Amino acid sequence: MKRKPKLGQNFLVDDHAKHAIVDALGDLSQRTVIEIGPGRGAITGILSPRCKRLLALELDRDLAPALAQRFTEQSQVEVIEADVLEVDFATLVPPGETADVIGNLPYYITSDILLKLFSAGSAGLLSRAVVMMQREVADRVAASPGVRDYGLLSATAQMNARVENLFTLPPAAFSPPPEVFSTVLRLTFAPRFAELKVDPVGFDRFLKQSFAQKRKTLENNLRAAGYAQPDISGGWPGDISRQARAESLELEAMARLYRAIARK
Ligand code: SAM
């Protein structure tokens, strides 16, 4: 079957890695699992006998029916030909339950998929995800404040999930080999909005404004976003430097600043 590079088709061929990815979700015997981009079934084949229900979302209109054919005997597997970004996860997860997600992601839409997972996690639809992505993106997702890779993606991810960096694979683990290394992350969805006493919509907007321009201080980014000087000067907490950049602050400090200066 003809490979479609535009769909990010680098198929996993390292057997040890295939098992390690599935193992990272633990006991799945009572779980519904959503696989993103099953492709030729490298992960699907190991996963399917282990979980209660497997919903595999594949966009490629040639690969999806071939995969469905392969799993006709396994009634717990459903291959859905669809764009993961268009699917409403609420329709996949049984009422009152949560699902887990697994996937060697199509790298060209990694950020969009992650944002979708965070919003489904916040909605109480997902418990955990084990996802592979380009190493540089994974490093940004998992970075701590103050290190070079920390930015909006890190802050957003860590407001929504506990992030664990599991392992990294070389290009040779795939066919054809991509030009980049790949890293597997485990995300345990645990939104922090209530704990940090911020509203999700307002705080997400605040984070985007705070990280808008890396070379600017946080205060200058907020001024550029339209925050009024009296609100900034009147509310700015004494223990946060007025020269600080958003990249240097822990989420607790960002939340305190937001609560102090955001207009109600
Ligand atoms: N899971 C397989 C493996 O590990 O060998 C394939 C992984 S490959 C990196 C990414 C897969 O995602 C491809 O099968 C590709 O066709 C599929 N894909 C690309 N864009 C997609 C989308 N928007 N929605 C669902 N699947 C997509």
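Just a few scattered comments:
- Among D15, D100, D139, the residue with the largest mean-square fluctuation in a Gaussian network model of the chain, with springs joining Cα atoms closer than 10 Å, is D15.
- Checked against a 32 Å cut-off, the cross-linked pairs K2/K208; K116/K197; K116/K216 give Cα-Cα distances beyond that limit for K2/K208.
- Beta bridges per DSSP with both ends in the chain, % antiparallel, nearest 5: 45 percent
- Choice from A224, A138, A120 showing the highest fluctuation, given a GNM over the chain with Cα pairs closer than 10 Å: A224
- Computed over protein heavy atoms with a 1.4 Å probe, the carbon and sulfur contribution to the accessible area of the chain reaches 51%.
The values are calculated or read from the model by the stated rules, or taken from the named source; none is laboratory data. Predicted, not measured: the structure shown is a model, and the values here were computed from it. We work out accessible area using only protein heavy atoms, side chains counted, and drop any ligands, DNA or RNA first. Shrake-Rupley method; radii C 1.70, N 1.55, O 1.52, S 1.80 Å.
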